[in-house]
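Worksheet: one structure, shown below.
The values are calculated or read from the model by the stated rules, or taken from the named source; none is laboratory data. Everything numeric here is computed off the predicted structure, so don't read it as measured data. As a convention, Cβ positions derive from the backbone with ideal geometry for all residues, glycine included, and neighbour counts pool all protein chains shown. Note: accessible area is taken over every heavy atom of the protein model, side chains too, but ligands, DNA and RNA are not part of it. Shrake-Rupley method; radii C 1.70, N 1.55, O 1.52, S 1.80 Å.
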Amino acid sequence: MFEGIVSDLLNSVLGKYIENLDSSKLKLSIWGGDVELLDLNVKQSSLDELNLAVRPVFGHIRRLTLKIPWKNLYTSQWVAVVEGVSVIAVPNTSIKYDAEKEEKIAHESKMASLQRAEEAKQKAKAKERGDESKTEDGFTEKLLAQVIRNIQVTIKDIHIRYEDSLSSPGHPFALGVTLHDLSMQSTDVNWKPCLDTDKFIYKLNRLDSLGVYWNPNVTLISDTMATKEKKLECLMSLVASQNHIPQGMNYIIGPISSTAKLTLNPKPELGETKFSHPKMILDLVVDQLAIGLSRQQYANAMALLDSLDRMKLSSTFRKFRPPVKTIQGHTTAWWHYAFKCILEDIRRVQRNWSWEHIKWHKSLCRRYKEAYKEKLGGKALNVQITNAINEGEQKLDMFNIILVRRQAEMEVEREGIVRKQEKQQKGWFGGWFGWGGGKQDYSGVSEDSIVKKIEAKMTDEEKQSLYDAIGYQESRVVTEYPKEYVDIRLEFLLKELDFVITDEEVLGAAVTKARLSHVTTKLQRRSGADALRFEATMKTFRVEGFSMSDKKPQMVSSEGSPLLEVMFETNPEDGECDQRLRVAAQPLEVIYDAVTINQLEQVFQPPQNISLQQLQASALNRLEVVKERSATGLQSVIDNQSILDLNVNFAASHIIIPESGSYHEGCSGLILTLGSMQMTSTRRRVPVLTDLVSQGFTQEEVKKAVMEASYDSFVIELIDMQAVVAFPKEDWRPSLTSHDGSSLHLLQPTTLHIDVMKCLLTNDPNLPKVKVNVSLPSVALSVVDERLLHVAGILNSISQAENSPPAEEEKSFDLDKDLNMNLIMEERDIVRLERASLHPKGELQDTPQFTNLALTFKMAEISLEVKRAIGSHYQPLGKVAALSAKIELIQRTFDLKVKIGLGGVLVQHLENGERHLLSTPVIEGDSQDLLTIDFIQVNPKSPDFKGKHGSTAQLLHIKVSNLYAQLEQSALLSMLSFYEQLYRKLQQMAPAVMDIEAHEKPISQTLLNVVDKKETKIIGELNSIWFFLVICLSFQISFSCNK
């Protein structure tokens, strides 16, 4: 009954990876009930599905065992054992080229790709028809549940290794995966091994020592071990277990050991309490997960990433590559290699466009199409048709094969030869078991699905026996799950996660170590409501810094438990929204440790001879694809008008920058508090138009209400951002908890409020797509001379890492800024806009434009108060304030408009009373702004560029009102005296942190010398702008001088 099906299945699966598999002997072994394959060799094409420029040079499987009790198929155990899998892969450019073998490998890879394309096509057709059968899915689930109940799986001693001596010449490295044991056993309710016939199915899964390693500067097994036995012995000796950790292994992950408990409920709809127990419960527990990375591993990884693209490109011309590794002494051979590579493309183009080749290609495609039509018709294939199919699949590339197959399918369907088999191709059953027949036929898996084979090979009595064994009824009503029923529940517990960065240059010491404790995740699915719920918690988080002593500095520590809580849910049971997200985080204390940061900078400094430009370009392309997909998904949510219930709350964390970059209790430092962040969504209220009209709203008011309801709104608040300067043994923590300013504050507690609104209608020019309103009530800076000097001393005392000279920039990889700007400005909205029509009076109207962004920023006041320390108290000296600052920005399809306004400025001398040295009309009670700047930038491709804008790409308009200055001799002398004292103290501090030559010059000159040339250029441009503004102000300033 099942013997032939299992034989075909194993032949198809194993044939992809096993070299010279004898299908006839395998079939006989299956009929006997016991399959035992020993000493198997792995194909060189086994890794081609990864689409990497690597290829196995050695592959071996010690034993493969399969025991199937045909006499007691439904009640006895099935046993599957895989032992001793060893694979060594190398870059394919290091393998000697063999034309016959390469052609065979390329053909197998092409046929495997064709099979995957056919599977994808069948799935797409089934999805378009929307005829997936729940009845057959029920049969599949029952059958799989019975298989899982009976089967016992054991996988032991796996070692897959990649060796590379080309990416980093002179520094060969090896990376690989090892696994000691993976087992799946049937148990009873107490998780004791046995074959239980209970209603529930219990499977105990154990993972023993799964590890991923990366060994730099190693001896390559593929080069040094000559015999097969020595290679196997060496590979197996490097497999870790709980009782054996091989010497010299540098693990980047693991070894990991875990236990997973799986509970299946095949019949949740039966029993007294229906739908009270999930169909599947998986409980996974990992005691410890260790992740590590060293300096040499990072350098090798950068070298490998740099060489992957080059290896993939050079693999195309491997047949021309000379069998030498160095250029010196073999220049003639390498020049010939370059000539042949270039000529290969030239000859290929000339050959493909010749009349002889076109005629031959057309004839081959015609023969293949006719033969494939015969195959689709289900007729017996003679030798001539089989040869025509093999010839076409051997000589045509994948694109032409798929094209010809589609043409044949359309013609066959048009001629009515193929019978539609919709009921036999439903569900996902064939996706699991439809791998084809005894011969490797890649033309379409669904045609040889296991469902058809069961129907063809089983009698009615055998079918009924199978249905009774798995608990399936052919004519039963499809079970509908209640919306509140949780059918799948997954729980994961990670007790401890360690991430360690080490450096071989300091005797392999740990540069930094991060530890997460008690990480839990829970996933629940309610298929009746198409709902999903995800929960995750993290208890504590700690990071240790670098030190050669036993006492490690604490860089990051969590305050409060649990540190992080995340909950995401789709289609909640209360029905109030479509998606719900909750995030809550406790504060972190981050301490800057200069030694650790400098050491990390040294570890992650890429080698100078490595350029990742191609990788960066590939990553940018991939990022664009991800962004496009994300935008598409977001657009789908907006189109469906999904409601998101968002609530994110992060407690205020603070960063401590200690003096000298080393923290100890009671030390002085600069403390920055990022503020607590709260992000919430505002529920969208859709107004009823009839109610608004009945209440007497005007047409404009009704339109405004509808427009406001067209936005999803989010509110973001950063509460109590502040900066504090603390002297030695000064308690600064109470200053952070109080919401009022103190003498320690450099930046007084400040709150930032942001409203973000996303429009649901993207095709209405009257509605901005995104509106952002930012408001900042006040920003108050308080500067005391002694604390300002202390901040300068703290920053100057922190040691910096010794930077190596920067690598030379390759001018060949230079992004075209103009091209990027053009790509940014040319948006999809342009194609939806039409040229404006003329007004009946003959006037040209403005071209309608889409508003992509409308940004508003308002700040009531920003002030800087200067104080002088006199003994133990601080005396206010002066205050500078800017009032009523606002920015309005509108970015549309063809133009950008920016309006900047400054209500006024105020300069006060606070010593011996308040005196205004500089003021504006706003201070005197006038509403006139001091400064107004209007800026317009127009895209030259705008239809109104020449007409309305007069071919002006950029327009700047500045308007300045009155500025009142009152110069008082005592105030000016007091401020100049304060500045000179501060300047001298900074000069006295300079020799400790600057070179002798620098400190002999004025400090202003020293600061200019350390500024980069580019920064100097920017400063010069800013000075020019400032000079221009001063000239504008001078025309409207009136002075009144008092002595």
*the range 207-232: number of residues that are farther than 23 Å from residue 304 by Cβ, charged (D, E, K, R) and loosely packed, with under 14 Cβ neighbours inside 10 Å*: 3
*Has the range 188-200 got at least one residue that is among the β-branched types (Val, Ile, Thr) and either within 18 Å of residue 61 (Cα to Cα) or crowded, with 17+ Cβ neighbours inside 10 Å (or both)?*
no
*Can you name the residue in the range 919-938 that is surrounded by fewer than 18 Cβ atoms within 10 Å (Cβ to Cβ) and out of contact with any His (no Cβ under 9 Å at 6 or more places or on another chain) and is also nearest to residue 847 (Cα to Cα) among such residues?*
937
*Do we have any residue at all in the range 973-989 that's at pLDDT below 80 and open to solvent by less than 60 Å² (accessible area, probe 1.4 Å)?*
yes
*Just to be sure, is residue 908 over 43 Å from the mean Cα position of the chain (by Cα) and open to solvent by 60 Å² or more (accessible area, probe 1.4 Å)?*
no
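Tell me which residues, restricted to the range 742-760, are in a loop (DSSP other than H, G, I, E, B) and either among the charged types (D, E, K, R) or open to solvent by 50 Å² or more (accessible area, probe 1.4 Å) (or both).
The initial filter retains those residues of the range 742-760 that are in a loop (DSSP other than H, G, I, E, B), namely 742-744, 760.
If the condition is that a residue be in a loop (DSSP other than H, G, I, E, B) and either among the charged types (D, E, K, R) or open to solvent by 50 Å² or more (accessible area, probe 1.4 Å) (or both), then 743 is the only one that fits.
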*Could you grab me the full set of residues in the range 314-329 that are open to solvent by 70 Å² or more (accessible area, probe 1.4 Å) and not in a helix (DSSP H, G or I)?*
321, 323, 325, 326, 327, 328, 329
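Any idea how many residues of the range 780-790 are among the hydrophobic types (A, V, I, L, M, F, W, C) and open to solvent by less than 20 Å² (accessible area, probe 1.4 Å)? Outline the logic, then answer.
Within the range 780-790, the first condition is being among the hydrophobic types (A, V, I, L, M, F, W, C), and the residues that meet it are 780-781, 783-784, 788-789.
Retained after the next criterion (residues that are open to solvent by less than 20 Å² (accessible area, probe 1.4 Å)): 784.
Within the range 780-790, residues that are among the hydrophobic types (A, V, I, L, M, F, W, C) and open to solvent by less than 20 Å² (accessible area, probe 1.4 Å) number 1.
Hey, among the residues in the range 575-602 that are among the charged types (D, E, K, R) and open to solvent by 60 Å² or more (accessible area, probe 1.4 Å), which one's modelled with the lowest pLDDT?
Pass one, the range 575-602, residues among the charged types (D, E, K, R): 576, 578, 580, 582, 589, 593, 601.
With the extra rule that they be open to solvent by 60 Å² or more (accessible area, probe 1.4 Å), the set shrinks to 576, 582, 601.
Details: 576: 84, 582: 94, 601: 88.
Checking each candidate, the answer is 576.
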*Scan of the range 244-278 for residues that are part of a loop (DSSP other than H, G, I, E, B), open to solvent by 30 Å² or more (accessible area, probe 1.4 Å) and polar (S, T, N, Q), ordered by number*: 247, 250, 273, 276
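Could you check how many residues of the range 154-206 are more than 30 Å from residue 278 (Cα to Cα) and part of a strand (DSSP E or B)?
Adding up the residues that qualify gives 17.
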*Taking only pairs six or more apart or across chains, which ones have beta-carbon atoms under 6 Å, a first residue in the range 169-180 that is touching a residue at least 60 places away in the same chain (Cβ under 8 Å) and on the phi < 0 side of the Ramachandran plot, and a second residue that is among the β-branched types (Val, Ile, Thr) and open to solvent by less than 30 Å² (accessible area, probe 1.4 Å)?*
178/239; 179/158; 180/239
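Please specify each residue of the range 857-886 satisfying the condition of being more than 19 Å from residue 982 (Cβ to Cβ) and surrounded by 16 or more Cβ atoms within 10 Å (Cβ to Cβ). Explain how you work it out, then say what you get.
Within the range 857-886, the subset more than 19 Å from residue 982 (Cβ to Cβ) is 857-863, 872, 881-886.
Scanning the range 857-886 gives 857, 858, 859, 861, 862, 863, 881, 882, 883, 884, 885, 886.
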*Would a scan of the range 603-618 turn up a residue that is open to solvent by less than 50 Å² (accessible area, probe 1.4 Å), under 30 Å from residue 675 (Cβ atoms) and at pLDDT 80 or above?*
no
*Limited to the range 650-676, what total is found for residues that are open to solvent by 50 Å² or more (accessible area, probe 1.4 Å) and either out of contact with any helix residue (DSSP H, G or I) (no Cβ under 7 Å at 6 or more places or on another chain) or farther than 21 Å from residue 743 by Cα (or both)?*
9
*Go through the residues of the range 74-88 one by one and say whether even a single one is at pLDDT 70 or above and open to solvent by 50 Å² or more (accessible area, probe 1.4 Å).*
yes
*Is it the case that some residue within the range 499-513 is out of contact with any Gly (no Cβ under 7 Å at 6 or more places or on another chain), part of a loop (DSSP other than H, G, I, E, B) and closer than 25 Å to residue 293 by Cα?*
yes
*asked:* Can you tell me which of (1) in contact with a Gly (Cβ under 8 Å, 6 or more places away or on another chain); (2) in contact (Cβ under 8 Å) with a residue 60 or more places away in the chain is the one residue 941 doesn't meet?
replied: (1)
_Evaluation of residue 91 against (1) modelled with pLDDT of 75 or more; (2) surrounded by fewer than 19 Cβ atoms within 10 Å (Cβ to Cβ); (3) closer than 22 Å to residue 55 by Cβ (one fails), failing number_ = (2)
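If the requirement is being assigned to a strand (DSSP E or B) and farther than 27 Å from residue 856 by Cα, which of these qualifies: 937, 908, 891? Give the derivation first.
On the way: 937 fails: farther than 27 Å from residue 856 by Cα; 891 fails: farther than 27 Å from residue 856 by Cα.
Within the list 937, 908, 891, the selection yields 908.
Yes or no, residue by residue, for (1) in contact with a strand residue (DSSP E or B) (Cβ under 9 Å, 6 or more places away or on another chain); (2) modelled with pLDDT of 90 or more; (3) of a type in the set (Asp, Glu):
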| position | (1), (2), (3) |
| --- | --- |
| 649 | yes, yes, no |
| 657 | yes, yes, no |
| 660 | no, no, no |
| 666 | no, no, no |
| 670 | yes, yes, no |
| 679 | yes, yes, no |
| 682 | yes, no, no |
| 685 | no, no, no |
*Of the conditions (1) within 26 Å of residue 657 (Cβ to Cβ); (2) at pLDDT 80 or above, residue 767 clears all except one; give me its number.*
(1)
*Looking at (1) over 15 Å from residue 177 (Cα atoms); (2) within 33 Å of the chain's Cα centre (by Cα), can you tell me which one residue 256 breaks?*
(1)
*asked:* For a quick check of your reading of the model, give me the residue pairs whose first member lies in the range 302-326 and is modelled with pLDDT of 70 or more, whose second is open to solvent by 80 Å² or more (accessible area, probe 1.4 Å), with beta-carbon atoms closer than 6 Å and at least 6 apart or on different chains.
replied: 318/97; 319/97; 320/340
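Looking at the structure I just gave you, is residue 281 at negative phi, outside any helix (DSSP H, G or I) and open to solvent by less than 40 Å² (accessible area, probe 1.4 Å)? Reasoning before the result, please.
Working: at negative phi: yes; outside any helix (DSSP H, G or I): yes; open to solvent by less than 40 Å² (accessible area, probe 1.4 Å): yes.
Here the answer is yes, as residue 281 does meet what is asked.
Listed here are the residues, each with its yes/no results for (1) of a type in the set (A, V, I, L, M); (2) surrounded by fewer than 19 Cβ atoms within 10 Å (Cβ to Cβ).
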residue	(1), (2)
285	yes, yes
295	no, no
299	yes, no
304	yes, no
311	yes, no
